[in-house]
Amino acid sequence: MYYEGMGVPKDDDEAVKWVRMAAEQDYEQAQRILPILLRKKQEGSDPANVRKKKFQNQKSVKQLRAAVEEKYSYRDLQGVDWDARFAEFESRLVDTQTSRQFAILAGQLLRWTPFSIRMVKPSPAFGEAEAFVPTWTLIK
């Protein structure tokens, strides 16, 4: 939780503290993870690694923007101001420490409207899928 900043502020020291306590109590997964956390913590404090990660993230933001601009077929459907969306998220995307954090934030950037699930009645032909797909089951 603390390492990824999931539901709590990201805190490498706190992450190491909790994983170390678990490792000391013979929790195998913690014993495997602890050396990795310690190495990543050390690498993360290295200015060269921080610059490299930011550079990689900047490249990824440019690729994401190009994908939205050039390949997203519904780009203009809802009238989203993509320049404003990228302006809102770009600095945070560049500052992420992990690929997971980048992906979560990119998902938030792309989620321009709250998802609403609308239940619709399936078409009568939809039930015919059972004849073509042996494992198909229509939930009624």
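One table, with the values for the structure above:
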read-out	value
Förster radius 25 Å - calculated FRET efficiency between ALA87 and ASN49, Cβ distance, rounded to 0.05	0.40
Within the stretch 48-113: Cβ-based charge dipole about Cα centre, in debye rounded to nearest 20 (Lys, Arg +1; Asp, Glu -1)	480
Positive minus negative residues near ALA22 (Lys, Arg vs Asp, Glu; Cβ under 14 Å)	-1
Positive-end residue of PHE89, ALA48, LEU64, charge dipole of the stretch 48-113 with Cβ unit charges	ALA48
For the stretch 48-113, convex hull of alpha carbons as volume per residue, Å³	73
Rounded FRET efficiency, nearest 0.05, which uses the C-beta distance separating LYS17 from ARG100 and R0 of 22 Å	0.55
³J(HN,Hα) computed for each position of the stretch 15-25 - Karplus, 6.51 cos²θ - 1.76 cosθ + 1.60, integer Hz, glycine/proline x	4, 4, 4, 6, 5, 4, 4, 5, 5, 5, 9
Rel. contact order, % - alpha carbon contacts under 8 angstrom, at least six apart, the stretch 48-113	42
Cα-based shape type of the stretch 5-83, given that a ≥ b ≥ c are square roots of the gyration tensor eigenvalues and the cut on a/c is 1.5	prolate
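Every number in this text was worked out from the coordinates using simple rules, so none of it is lab data. Note that the structure is predicted; figures quoted are calculated from it, not measured. With ideal geometry, Cβ positions are generated from the backbone for all residues, glycine too; neighbour counts draw on all protein chains shown.
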